[in-house]
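Here is the structure we will look at, set down as structure tokens.
The values are calculated or read from the model by the stated rules, or taken from the named source; none is laboratory data. Bear in mind the structure is a predicted one, so any value in this text is a computation, not a measurement. Here the Cβ positions follow ideal geometry from the backbone for every residue, glycine too, while neighbour counts run over all protein chains shown. Side chains are part of the model used for accessible areas, which takes the heavy atoms of the whole protein and leaves out ligands, DNA and RNA. Shrake-Rupley method; radii C 1.70, N 1.55, O 1.52, S 1.80 Å.
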Amino acid sequence: QVQLVESGGGLVQAGGSLNLSCAASGTIFSINAMAWYRQAPGKQRELVASDTSIGTTAYADSVKGRFTISRDNAKNAVYLQMNTLKPEDTGVYYCKAGVKTSWARREFDYWGQGTQVTVSS
């Protein structure tokens with residue numbers, strides 16, 4: 001199977017920065033897109049940033065210019081550099097990866113367990 005483990009969350013004051021990491025491990029043949037989502041209390045999970053296997057990135061309007069997604073394909077890892085954090089960025093951040101476990105199998109989405117980010121005002 002495939003496991004995704006996030007790290008790097010925490011408590012930070014408004015205006016501060018955090019860098020989230022997510023590493024995939026297990027039976028991995030290839031990884032397509034990797035992405036970060038977040039879920040604030042009482043709200044639906046939303047897409048924050050994504051990175052395709054060819055390096056095309058996309059961001060939610062609310063984080064453009066402040067967050068940067070990057071990946072290390074050799075390490076099966078994805079990162080989210082978050083700058084100029086705002087209280088509304090508070091939530092649980094999840095990474096997602098589209099993984100094929102063999103050349104013959106179709107791609108499945110795998111999720112990490114989430115890491116809490118809290119931004120105080």
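May I ask you to verify whether Lys96 is charged (D, E, K, R), out of contact with any Ser or Thr (no Cβ under 8 Å at 6 or more places or on another chain) and under 15 Å from Gly8 (Cβ atoms)? First the steps, then the outcome.
Working: charged (D, E, K, R): yes; out of contact with any Ser or Thr (no Cβ under 8 Å at 6 or more places or on another chain): yes; under 15 Å from Gly8 (Cβ atoms): no.
The answer is no for Lys96.
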- Message: Six or more apart or on different chains, Cβ atoms under 8 Å: show the pairs whose first residue is in segment 38-67 and at negative phi and among the basic types (Lys, Arg) and whose second is assigned to a helix (DSSP H, G or I) and open to solvent by less than 50 Å² (accessible area, probe 1.4 Å).
- Response: Arg38/Asp89
- Item | Selection count, segment 58-99, where residues are over 25 Å from Gly42 (Cβ atoms) and in contact with a strand residue (DSSP E or B) (Cβ under 8 Å, 6 or more places away or on another chain) | 17
- Message: Given the criterion closer than 17 Å to Gly112 by Cβ, exposed (fewer than 15 other Cβ atoms within 10 Å of the Cβ) and modelled with pLDDT under 95, identify the matching residue among Gln1, Gln39.
- Response: Gln1
- Quick one: in segment 72-121, of everything that is closer than 22 Å to Ala58 by Cβ and aromatic (Phe, Trp, Tyr), which residue is surrounded by the fewest Cβ atoms within 10 Å (Cβ to Cβ)? Phe108
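Does Arg45 meet the test of being open to solvent by 60 Å² or more (accessible area, probe 1.4 Å), within 15 Å of the chain's Cα centre (by Cα) and not β-branched (Val, Ile, Thr)?
Criteria met by Arg45.
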- Item | Selection from segment 4-36 of residues that are open to solvent by 40 Å² or more (accessible area, probe 1.4 Å) and on the phi > 0 side of the Ramachandran plot | Gly15, Gly26
